Amino acid sequence: MNMKRTVLIVDDSVRINQLVKMSLQSLYDIRQAYTGEEAVAMLAATKIDLVLLDITLPGMSGYDVLRYVIDAQVPVIFLTAKTEVDDVVQGLQLGADDYITKPFHLEVLKARVETVLRRTDGQTDEILHYGELTVNVPQQTVQRDGQTIDLTHKEFELLVYFIRNQGVNLTRDALYQALWDFADDANDTRTVDLHVQRLRKKLQLADDIVTVFKVGYRMVAR
């Protein structure tokens with residue numbers, strides 16, 4: 001039986017820390033810290049597979065903790081309310097693997113955690129199947145009956161996100177935040193609608209990617 005991987009949540013907000021724990025605990029072994037000092041101590045004592053790290057912490061900042069995380073060769077996702085571009089750039093340049101701003105959608109958080117863990121685990125041969133479609137994730141190719149179907153990079157990302165979240169009602173905001181994030185200044189959900197329309201047409205998925213009234217979209221589970 002495969003052991004659950006261990007995720008350390010570092011956030012001084014009890015509410016957010018508990019919310020993230022409840023969202024992930026069915027998939028991962030969760031450890032919690034509320035200060036930078038607690039996080040550093042836990043990194044030294046416990047094998048951690050991923051750190052979700054707030055920037056604004058009492059005492060040691062998230063940037064201070066990050067040095068210890070990197071020394072321990074543990075992947076890290078910054079989880080913070082800071083939205084300024086400089087903070088995003090600084091976090092990524094210092095070695096963070098990803099960056100999510102509060103408030104965030106829990107399904108987006110799950111997808112980001114899964115993506116970072118898969119990448120750091122070296123799982124580079126992932127092949128997804130949906131109906132007659134074969135999706136090669138590292139090569140970013142989609143085939144039906146051996147015939148390659150051309151998609152743009154963003155269309156491909158959207159397809160993969162849908163397949164990984166089959167049967168889940170996904171809001172337009174969640175899709176936009178997961179796939180576009182800081183690409184634009186405004187959360188323009190019309191961009192999501194346009195890409196969904198293209199996917200439906202190119203891949204003949206009109207009956208598979210359904211519109212959920214006043215919510216967004218859902219890919220029918222297969």
Tell me the residue from TYR34, TYR28 that is farther than 30 Å from ARG172 by Cα, of a type in the set (Phe, Trp, Tyr) and either touching a strand residue (DSSP E or B) at 6+ places or on another chain (Cβ under 6 Å) or surrounded by 15 or more Cβ atoms within 10 Å (Cβ to Cβ) (or both), please. TYR34
Could you list all residues from the range 154-165 that are under 19 Å from VAL220 (Cβ atoms) and either among the basic types (Lys, Arg) or outside any helix (DSSP H, G or I) (or both)? ARG164, ASN165
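Per-residue answers, yes or no, for (1) touching a helix residue (DSSP H, G or I) at 6+ places or on another chain (Cβ under 7 Å); (2) among the aromatic types (Phe, Trp, Tyr):
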{"site": "PRO75", "(1), (2)": "yes, no"}
{"site": "ALA81", "(1), (2)": "no, no"}
{"site": "ASP86", "(1), (2)": "no, no"}
{"site": "GLY91", "(1), (2)": "no, no"}
{"site": "TYR99", "(1), (2)": "yes, yes"}
{"site": "LEU106", "(1), (2)": "yes, no"}
{"site": "LEU109", "(1), (2)": "yes, no"}
Name the residues in the range 91-101 that are open to solvent by 40 Å² or more (accessible area, probe 1.4 Å) and either in contact with a Cys (Cβ under 8 Å, 6 or more places away or on another chain) or closer than 20 Å to GLN177 by Cβ (or both), would you? LEU92, ASP97
Have a look at ASP86, ASP49 and point out the one that is over 19 Å from GLN177 (Cβ atoms) and out of contact with any Lys or Arg (no Cβ under 7 Å at 6 or more places or on another chain). ASP86
Could you grab the pairs with beta carbons closer than 7 Å, sequence gap of 6+ or different chains, first residue in the range 200-217 and touching a residue at least 40 places away in the same chain (Cβ under 8 Å), second one in a helix (DSSP H, G or I) and open to solvent by 20 Å² or more (accessible area, probe 1.4 Å)? ILE209/ARG200; GLY216/ARG172
Restricting attention to the range 116-153, and to residues there that are open to solvent by 50 Å² or more (accessible area, probe 1.4 Å) and assigned to a helix (DSSP H, G or I), which single residue is farthest from VAL20 (Cα to Cα)? HIS153
Applying the selection to the range 187-222, what residues are open to solvent by less than 70 Å² (accessible area, probe 1.4 Å), charged (D, E, K, R) and farther than 20 Å from GLN143 by Cβ? ASP188, ASP193
Here the residues within the range 19-66 that are of a type in the set (A, V, I, L, M), over 22 Å from PHE104 (Cβ atoms) and not in a helix (DSSP H, G or I) are MET60
Does VAL88 satisfy being hydrophobic (A, V, I, L, M, F, W, C) and either surrounded by fewer than 13 Cβ atoms within 10 Å (Cβ to Cβ) or part of a helix (DSSP H, G or I) (or both)? yes
What about THR115, is it of a type in the set (Ser, Thr, Tyr) and modelled with pLDDT of 85 or more? no
In the range 169-178, is there at least one residue being modelled with pLDDT of 85 or more and open to solvent by 70 Å² or more (accessible area, probe 1.4 Å)? yes
Go through (1) acidic (Asp, Glu); (2) modelled with pLDDT of 85 or more; (3) within 19 Å of the chain's Cα centre (by Cα) one by one and return the number of the condition GLU126 breaks. (2)
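What are the residues in the range 65-83 that are surrounded by fewer than 17 Cβ atoms within 10 Å (Cβ to Cβ), at pLDDT 85 or above and touching a strand residue (DSSP E or B) at 6+ places or on another chain (Cβ under 8 Å), if any?
ILE70
The values are calculated or read from the model by the stated rules, or taken from the named source; none is laboratory data. Small disclaimer: the values here were computed from a predicted structure and weren't measured. Cβ coordinates were reconstructed from backbone atoms using ideal geometry, including for glycine residues, and neighbour counts include every protein chain displayed. For the accessible areas, the whole protein counts, side chains as well, though only heavy atoms, and no ligand, DNA or RNA atoms are used. Shrake-Rupley method; radii C 1.70, N 1.55, O 1.52, S 1.80 Å.
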